[in-house]
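J.: Here it is, the structure in full.
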Amino acid sequence: MVLVFASGNEGKLREINSLLPVDFRAESLAAFTSETDIAEPYFTFAENAMHKAKEAFRITGLPSFADDSGLEVRALGGKPGVFSARYAGEKKDPSANNEKLLREMENVAGREARFRTVIAFYDGKNGKLFEGVVEGRIAHSPRGSNGFGYDPLFIPGNSDRTFAEMELAEKNRNSHRAKAFAAFLGWLKTLPGQ
């Protein structure tokens, strides 16, 4: 079965295909259209992910999936949340996002935070959601050179190192995206013929 991944990110696509059951293959939305940057107009990860999955299905007519994820900081009322990528502006600049977050937390004692990912699947009739969450806290300054986004600031609860200080394999064992994707893969394996 071919699944359309509602993204143009080829690196993510390679990683996903290495994890899919043998009877499944993911194709990037970029294989079908040049318009791969689908808007995220909603205020929840679930709504944005399902919107992107439905748009990919509308474009391709094939079963589709998408993800939306972000960082939620308790002391900031859950911000940056669904605006994580655009926290410091529409340019989606990770360094600027990290700098803004640190400025907003300068005098904040409680640094609890969590990363959340929601994966949505849509096949024209059925929609299904899968969620992964990792609890942790925000570091006082960026640490590490691996990863992307808020990884230099996020310390998962079971560690004293940021995601950016971890090798990819270690991060993937602990990440919100890995948890959501594991739930998605587990469900795919229950489909008829698997």
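The values are calculated or read from the model by the stated rules, or taken from the named source; none is laboratory data. Keep in mind that this is a model prediction, so the values were computed, not measured. Neighbour counts are summed over all protein chains in view; Cβ atoms, including those assigned to glycine, are modelled from backbone coordinates with ideal geometry. Only protein heavy atoms, including side chains, enter the accessible area calculation; ligands, DNA and RNA are left aside. Shrake-Rupley method; radii C 1.70, N 1.55, O 1.52, S 1.80 Å.
J.: If I go through the stretch 83-107 residue by residue, how many of them are of a type in the set (A, V, I, L, M, F, W, C) and either at pLDDT below 95 or farther than 14 Å from residue 151 by Cα (or both)? It would help to see each step written out before you state the result.
T.: Here is the first cut: in the stretch 83-107, the ones of a type in the set (A, V, I, L, M, F, W, C) are 83, 85, 88, 96, 101-102, 105.
After this cut, where a residue has to be either at pLDDT below 95 or farther than 14 Å from residue 151 by Cα (or both) as well, the list is 83, 85, 88, 105.
The qualifying residues number 4.
J.: I've got another one for you. Of all residues being touching a Leu at 6+ places or on another chain (Cβ under 8 Å) and of a type in the set (Ser, Thr, Tyr) in the stretch 122-179, which is nearest to residue 61 (Cα to Cα)? Just the residue, please.
T.: Taking the candidates together, the pick is 150.
J.: Here is a follow-up. Taking the options 148, 130, name whichever one is open to solvent by 10 Å² or more (accessible area, probe 1.4 Å), assigned to a loop (DSSP other than H, G, I, E, B) and either closer than 30 Å to residue 106 by Cα or touching a strand residue (DSSP E or B) at 6+ places or on another chain (Cβ under 7 Å) (or both). Steps first, answer last, please.
T.: On the way: 130 fails: assigned to a loop (DSSP other than H, G, I, E, B).
Only one candidate qualifies: 148.
J.: Could you tell me which of the residues 112, 72, 27 is open to solvent by less than 40 Å² (accessible area, probe 1.4 Å) and touching a residue at least 24 places away in the same chain (Cβ under 8 Å)? Steps first, please.
T.: Details: 112 fails: open to solvent by less than 40 Å² (accessible area, probe 1.4 Å); 27 fails: open to solvent by less than 40 Å² (accessible area, probe 1.4 Å).
Going through 112, 72, 27 in turn, just one is open to solvent by less than 40 Å² (accessible area, probe 1.4 Å) and touching a residue at least 24 places away in the same chain (Cβ under 8 Å): 72.
J.: Could you check the stretch 130-157 and list, in sequence order, the residues that are touching a residue at least 60 places away in the same chain (Cβ under 8 Å), under 22 Å from residue 182 (Cα atoms) and over 13 Å from the mean Cα position of the chain (by Cα)?
T.: 154
J.: Just to be sure before I move on: is residue 96 open to solvent by 20 Å² or more (accessible area, probe 1.4 Å) and either touching a residue at least 60 places away in the same chain (Cβ under 8 Å) or in a loop (DSSP other than H, G, I, E, B) (or both) in the structure I sent? Break it down into steps so the answer makes sense when it comes.
T.: Working: open to solvent by 20 Å² or more (accessible area, probe 1.4 Å): yes; either touching a residue at least 60 places away in the same chain (Cβ under 8 Å) or in a loop (DSSP other than H, G, I, E, B) (or both): no.
Judged against the criteria, residue 96 is not a match.
J.: Another question about this same structure. When the residues of the stretch 162-181 are filtered to those that are at pLDDT 90 or above and among the aliphatic types (A, V, I, L, M), which remaining residue is farthest from residue 152 (Cα to Cα)?
T.: Among them, the one singled out is 180.
J.: Which pairs do you get when a residue that is within 13 Å of residue 184 (Cβ to Cβ), found in the stretch 8-24, comes within reach of a residue that is polar (S, T, N, Q) and assigned to a loop (DSSP other than H, G, I, E, B), reach meaning Cβ atoms under 8 angstrom, with the pair 6+ apart or on two chains?
T.: Filtered contacts from the stretch 8-24: 21/194.
J.: State all residues of the stretch 153-194 that are outside any helix (DSSP H, G or I), closer than 18 Å to residue 131 by Cβ and open to solvent by less than 10 Å² (accessible area, probe 1.4 Å); if no residue qualifies, say none.
T.: Within the stretch 153-194, 154, 156, 175 qualify.
J.: While we're here: Within the stretch 99-109, can you find the residues that are open to solvent by 50 Å² or more (accessible area, probe 1.4 Å) and either in contact with a helix residue (DSSP H, G or I) (Cβ under 9 Å, 6 or more places away or on another chain) or acidic (Asp, Glu) (or both)?
T.: Matches in the stretch 99-109: 99, 104, 106, 109.
J.: May I pose another question? Tell me, please, whether a residue that is surrounded by fewer than 19 Cβ atoms within 10 Å (Cβ to Cβ) and under 22 Å from residue 53 (Cα atoms) can be found in the stretch 133-141.
T.: Yes; the residues of the stretch 133-141 include at least one that is surrounded by fewer than 19 Cβ atoms within 10 Å (Cβ to Cβ) and under 22 Å from residue 53 (Cα atoms).
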